[in-house]
Amino acid sequence: MRRFDLVEPRSLSEACAMLANDSDAKVVAGGTALLTIIKQGLLLPKLLVNLKKISDASAITFDPVQGLRIGTLATINEIETSETVQTHSPALAEACHVVANIRIRNMATLGGNLAHGDYQSDPPTVLAALDARVELMRAGKVRQLALTDFQLGSYETALLTGELLAAVIIPPLPQGMNGNYVKFTTGSSEERPCAGVAALAKVQDGVCHELRLAVGAVSAKPLRIAAEELATGKALTAELIATIAAAAARTIDPIDDVRGPADYK
């Protein structure tokens with residue numbers, strides 16, 4: 001591994017300033033992805049900006065109006081076990097529970113997971129179904145993007161030079177909406193998904209008032225399925241579900257990877 005310099009800012013704004021001053025600098029949070037890439041020689045940064053000394057960037061809070069706010073340094077395990085997340089976004093806690101193994105979940109952060117832009121990941125699929133937004137910081141300015149606009153493709157995001165992902169924001173779910181995340185693997189349960197599906201539905205008196213569907217790990221970014229609108233005002237019968245599933249299959253253009261060829265996906 002090539003030698004590099006390491007700096008440890010004490011705030012996100014200080015980290016942004018460090019990134020703005022060195023275009024070669026890379027951010028490290030949990031390090032579960034970045035350090036592996038460096039060891040493989042695929043990335044050779046001269047400067048690493050370690051965020052782990054920033055004490056206030058991992059908070060998980062809920063506001064009835066704004067919703068769930070997850071700081072960028074919250075680990076996957078902290079999100080999985082958070083009572084706040086389990087209460088207000090149980091599908092996200094479920095998705096975090098199936099990420100890799102407990103050692104990885106104790107190190108990896110949600111902000112790092114999203115900023116890395118790896119399409120073979122579990123949390124982004126659920127976040128897409130949850131209409132999540134990311135909060136981005138740069139030179140004292142803050143902007144928000146829908147997660148589906150932030151993730152542009154495989155290892156591609158909308159982050160600008162000197163910009164950091166500061167938090168993930170999940171709007172409050174409609175009352176009565178519940179959901180689930182299902183991960184499909186072609187190997188052990190610790191492997192990355194071959195495909196992941198998130199489904200959220202609000203059903204009252206046998207009628208679906210809102211359905212949200214997202215599919216991940218099959219294309220370069222998580223996709224919301226437009227066919228979800230077919231369920232509005234209808235009973236979720238087996239026939240309707242089959243119709244929506246067929247429409248979803250036509251919408252997605254899968255890609256080949258080591259976890260499965262496109263036709264299998």
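The values are calculated or read from the model by the stated rules, or taken from the named source; none is laboratory data. Quantities reported herein were computed from a predicted structural model and do not represent experimental measurements. No Cβ is skipped: glycine too gets one built from the backbone with ideal geometry, and neighbour counts run over all protein chains shown. Note: areas computed on protein heavy atoms with side chains; ligands, DNA, RNA excluded. Shrake-Rupley method; radii C 1.70, N 1.55, O 1.52, S 1.80 Å.
Given the conditions (1) within 27 Å of Thr157 (Cα to Cα); (2) open to solvent by 50 Å² or more (accessible area, probe 1.4 Å), which single one is not true for Asp205?
(1)
Could you please let me know if Ser219 is open to solvent by 50 Å² or more (accessible area, probe 1.4 Å) and either closer than 30 Å to Cys16 by Cα or in a loop (DSSP other than H, G, I, E, B) (or both)?
Working: open to solvent by 50 Å² or more (accessible area, probe 1.4 Å): no; either closer than 30 Å to Cys16 by Cα or in a loop (DSSP other than H, G, I, E, B) (or both): yes.
Against the criterion (open to solvent by 50 Å² or more (accessible area, probe 1.4 Å) and either closer than 30 Å to Cys16 by Cα or in a loop (DSSP other than H, G, I, E, B) (or both)), Ser219 does not qualify.
Can you tell which of Ile104, Ile79 is outside any loop (DSSP other than H, G, I, E, B), within 24 Å of Met137 (Cα to Cα) and at pLDDT 95 or above? If you could, list the steps in order and put the result at the bottom.
Values: Ile104 fails: within 24 Å of Met137 (Cα to Cα).
Of the residues listed, the single one that is outside any loop (DSSP other than H, G, I, E, B), within 24 Å of Met137 (Cα to Cα) and at pLDDT 95 or above is Ile79.
Look through region 1-20, keep the residues that are assigned to a loop (DSSP other than H, G, I, E, B) and touching a residue at least 12 places away in the same chain (Cβ under 8 Å), and return whichever of them is most open to solvent (accessible area, probe 1.4 Å). Full working, then the answer.
Kept after step one, since they are assigned to a loop (DSSP other than H, G, I, E, B), are these residues of region 1-20: 1-4, 8-11.
Right, trim to touching a residue at least 12 places away in the same chain (Cβ under 8 Å) and you get 1-2, 4, 8-11.
On the way: Met1: 132, Arg2: 104, Phe4: 68, Glu8: 71, Pro9: 0, Arg10: 155, Ser11: 39 Å².
Out of the qualifying residues, it is Arg10.
Take region 24-72 and flag every residue that is assigned to a loop (DSSP other than H, G, I, E, B), of a type outside the set (Val, Ile, Thr), open to solvent by 40 Å² or more (accessible area, probe 1.4 Å) and farther than 15 Å from Leu110 by Cβ. Don't jump to the end; show me each part of the working.
Going residue by residue through region 24-72, those that are assigned to a loop (DSSP other than H, G, I, E, B) are 24-25, 29-33, 40-46, 51-59, 64-66, 72.
If we keep only those that are of a type outside the set (Val, Ile, Thr) as well, we get 24-25, 29-31, 33, 40-46, 51-53, 55-59, 64, 66.
Pick out the ones that are also open to solvent by 40 Å² or more (accessible area, probe 1.4 Å) and you get 24, 40-44, 46, 52-53, 55-56, 58-59, 64, 66.
Listed by number, the residues that qualify are Asp24, Gln40, Gly41, Leu42, Leu43, Leu44, Lys46, Lys53, Ser55, Asp56, Pro64, Gln66.
Tell me which residues, restricted to region 152-192, are outside any loop (DSSP other than H, G, I, E, B), within 30 Å of Lys141 (Cβ to Cβ) and open to solvent by less than 40 Å² (accessible area, probe 1.4 Å).
Our first condition is that a residue be outside any loop (DSSP other than H, G, I, E, B); within region 152-192, this holds for 152-153, 156-157, 164-170, 177-184.
Keeping just the survivors that are within 30 Å of Lys141 (Cβ to Cβ) gives 152-153, 156-157, 164-170.
Across region 152-192, the qualifying residues are Gly153, Thr157, Leu164, Leu165, Ala166, Ala167, Val168, Ile169, Ile170.
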